[in-house]
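One structure is given below, encoded as structure tokens.
Quick note: the coordinates plus some simple rules give every number you see, no bench work behind them. In this text the structure is predicted, and so the values were computed from the model without any measurement. Here the Cβ positions follow ideal geometry from the backbone for every residue, glycine too, while neighbour counts run over all protein chains shown.
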Amino acid sequence: MIEINLKIIRDVFDKVLSGEMSREQASAQAYQWMEAADYDRLLYRPETDEDKIWQCILWVLGIDLLDSPTTYLHCEEDIIDARP
């Protein structure tokens, strides 16, 4: 089982913003969380935050989408605004 909470996701946002983690690495992490959820191996903590956590996972999954061959769809300001 994998436990997930908003702090863990917030840390991913912060690492992307600081350059410690690439957008592609963040998206791959979100994919792992989605895969765990598909197999009922993801524990939301607290359970009452499940919807918010899931929305953040989906957002991080698309953090590496490109708007053009050299430009990301989401700018740094978008990442800051989406940060939980």
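Within the stretch 33-46, residues that are free of Cβ contacts under 8 Å to residues at least 24 places away in the same chain reach partners that are among the β-branched types (Val, Ile, Thr) and not in a strand (DSSP E or B) with beta carbons closer than 9 Å, at six or more positions or on different chains, in the pairs Ala37/Ile57. Selection of the stretch 70-84 for residues being touching a residue at least 24 places away in the same chain (Cβ under 8 Å) and either hydrophobic (A, V, I, L, M, F, W, C) or in a helix (DSSP H, G or I) (or both) yields Glu76, Ile79, Ile80, Ala82. Checked against the criteria, Tyr31 does not count as touching an Asp or Glu at 6+ places or on another chain (Cβ under 9 Å) and farther than 15 Å from Arg83 by Cβ. Going residue by residue through the stretch 1-13, is there one that turns out to be touching a strand residue (DSSP E or B) at 6+ places or on another chain (Cβ under 9 Å), of a type in the set (D, E, K, R) and surrounded by fewer than 17 Cβ atoms within 10 Å (Cβ to Cβ)? Among the residues of the stretch 1-13, at least one is touching a strand residue (DSSP E or B) at 6+ places or on another chain (Cβ under 9 Å), of a type in the set (D, E, K, R) and surrounded by fewer than 17 Cβ atoms within 10 Å (Cβ to Cβ), which makes the answer yes.
Quick grid of which residues meet (1) part of a helix (DSSP H, G or I); (2) surrounded by 14 or more Cβ atoms within 10 Å (Cβ to Cβ):
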| site | (1), (2) |
| --- | --- |
| Val16 | yes, yes |
| Ala28 | yes, yes |
| Tyr31 | yes, no |
| Ala36 | yes, yes |
| Leu43 | no, yes |
| Glu50 | yes, yes |
| Ile53 | yes, yes |
| Trp59 | yes, yes |
| Ile63 | no, yes |
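Return yes when Asp67 is assigned to a helix (DSSP H, G or I) and free of Cβ contacts under 8 Å to residues at least 24 places away in the same chain and no when it is not. First the steps, then the outcome.
Working: assigned to a helix (DSSP H, G or I): no; free of Cβ contacts under 8 Å to residues at least 24 places away in the same chain: yes.
No, not satisfied.
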